[in-house]
Amino acid sequence: MSTSFLPTWLYSEQKIFELELENYSKNYWHPLIFIGEIKPGEILEKKFFNQSLLISCSEKNLITVFKNRCPHRGSKLCLPKTKLNPSKNIFCPYHGWTFDSFGKLKTLPLKYNFETRIETEDYFLEKVNSLINGPLIWINFSNKPISIDDQIELVGRKCNDQWDMNYSIFSEFSDTLNCNWKIAHDNTLDDYHVAIAHKDTLHKEQGPIKNYRYFFSEFCNVLVTPLSSEGNLYTFGLLPWNHLIIWPGKGIVLINYLPKNIGQCIIEIKLASASLCKNDLENWKKSILEFLGEDKVIVESVHKSYLENFKLGPPNRLEQRIIHWQNIYKDFLNASGISL
């Protein structure tokens, strides 16, 4: 295990932040929605950072993701079966171009009034790389992303049965954290603080530290803790800034820390379950919000200290998941010409 954390100046340098958004994050697949959030024949709009995306599910469950802009002049599009667009097609409210659920141009007004001949088969909505893995739809914005199987290899290996179940979303929420995204990501990988900062919340679920077990792959890590007779609780750290908690007998918690600016990030949380009743779901949600609220106070305090660029102390063995991802991040910086 490495004997040092990332230097704190990396958490407050604007050029590093821009490099993370432009290069680092694009190497990886990002979980967009759970499959259970969209029905066959449905088209949804979803924001990802500052981009509006359209997610289309055909009657045969074929998923396609598009950028929400018309190829003619870039206007935002109207979803089907809305007040502005009662049809089954995707409609541009600017000039009336109409697209089917696969993104193909179907009709346009005054087709023969262009200087250059327009053929409908030549125009499509711009696709975003997408795939299904487990219960999630993933997207990527690179021409050469890493393999999704490599990125989340441990998830399928450790939780194959739970990973292939059908889940229903019962709650999702977001909040702004006044800290650099890496601080929030580090904190969720930090198993050293759980017994102290979350002694009455998360620690009661995870149990004694002596039972902690760790597993690592090239891009993924997991803390496994036994939950009495219910099975194991799996807490996965994923790249670039994602976390999956697979709770036996309850469901999945998906946590994302999306960078907003150099000193803020958006925490997005989705709770999905395959079996819990409403009362159990509400109790589960309450317990999760409690420990995340405790973490918010911590990470915002840490961010203020990091702005002073002080030298961090050594990592504890229970912080090895932080070191694992930071070593991957260091490799990215080195490849980008940033020396530490």
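Of the strands (runs of 3 or more DSSP E) entirely within the stretch 102-175, those holding at least 2 residues that are farther than 21 Å from Phe236 by Cα occupy 105-107, 127-133.
The single residue among Glu22, Glu13 that is of a type outside the set (A, V, I, L, M, F, W, C), more than 30 Å from Gly251 (Cα to Cα) and at pLDDT 95 or above turns out to be Glu13. Here's a check for you: in the stretch 102-119, which residue that is more than 20 Å from Ser58 (Cα to Cα) and of a type in the set (Val, Ile, Thr) is farthest from the chain's Cα centre (by Cα)? My answer is Thr116.
Would you please name the residue that is modelled with the highest pLDDT, looking only at residues in the stretch 176-219 that are basic (Lys, Arg) and more than 18 Å from Asn232 (Cβ to Cβ)?
So in the stretch 176-219, the residues basic (Lys, Arg) come out as 182, 199, 204, 210, 213.
Add one more test, that the residue is more than 18 Å from Asn232 (Cβ to Cβ), and what stays is 182, 199.
On the way: Lys182: 99, Lys199: 78.
Filtering the stretch 176-219 for residues that are basic (Lys, Arg) and more than 18 Å from Asn232 (Cβ to Cβ), the one modelled with the highest pLDDT comes out as Lys182.
Considering only residues that are in a strand (DSSP E or B), free of Cβ contacts under 8 Å to residues at least 60 places away in the same chain and either within 15 Å of Ile137 (Cβ to Cβ) or not assigned by TED's automatic domain parsing to the domain that holds Gly96 (or both), which ones fall in the stretch 52-83? Within the stretch 52-83, Ser56, Cys57 qualify.
Residues of the stretch 228-240 that are buried (at least 16 other Cβ atoms within 10 Å of the Cβ) and out of contact with any Ser or Thr (no Cβ under 6 Å at 6 or more places or on another chain): Asn232, Tyr234, Thr235, Phe236, Gly237, Leu238, Leu239. For the stretch 47-69, the criterion of being buried (at least 17 other Cβ atoms within 10 Å of the Cβ), touching a Gly at 6+ places or on another chain (Cβ under 6 Å) and either within 30 Å of Ser305 (Cβ to Cβ) or hydrophobic (A, V, I, L, M, F, W, C) (or both) is met by at least one residue.
Okay, residues lined up against (1) modelled with pLDDT under 95; (2) crowded, with 17+ Cβ neighbours inside 10 Å:
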{"residue": "Leu254", "(1), (2)": "no, yes"}
{"residue": "Pro259", "(1), (2)": "no, yes"}
{"residue": "Ser273", "(1), (2)": "yes, yes"}
{"residue": "Lys278", "(1), (2)": "yes, no"}
{"residue": "Glu290", "(1), (2)": "yes, no"}
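Just to check your reading of the model, which residue among Pro31, Pro40, Pro93 is within 30 Å of Asp331 (Cα to Cα) and either outside the structural domain of Ser168 (by TED's automatic domain parsing) or buried (at least 20 other Cβ atoms within 10 Å of the Cβ) (or both)? Working first, answer last.
Values: Pro40 fails: within 30 Å of Asp331 (Cα to Cα); Pro93 fails: within 30 Å of Asp331 (Cα to Cα).
Just one listed residue meets the conditions, Pro31.
Listed conditions (1) buried (at least 20 other Cβ atoms within 10 Å of the Cβ); (2) closer than 15 Å to Ile169 by Cβ; (3) not aromatic (Phe, Trp, Tyr) are all met by Glu268, apart from (1). Within the stretch 2-18, residues that are more than 18 Å from Gln320 (Cα to Cα) sit with their Cβ atoms under 6 Å from residues that are among the β-branched types (Val, Ile, Thr) and surrounded by 14 or more Cβ atoms within 10 Å (Cβ to Cβ), at 6+ positions apart or across chains, in these pairs: Leu10/Ile16; Gln14/Ile262; Phe17/Ile262.
Cβ separations smaller than 6 Å between residues 6+ apart or across chains give the following pairs from the stretch 291-314 residues that are of a type in the set (Ser, Thr, Tyr) to residues that are buried (at least 18 other Cβ atoms within 10 Å of the Cβ) and modelled with pLDDT of 95 or more: Tyr306/Thr8; Tyr306/Tyr11.
The values are calculated or read from the model by the stated rules, or taken from the named source; none is laboratory data. Note that the coordinates shown come from a computational prediction; the quantities given were computed from them, not determined experimentally. We place every Cβ from the backbone using ideal geometry, glycine too, and count neighbours over all the protein chains shown.
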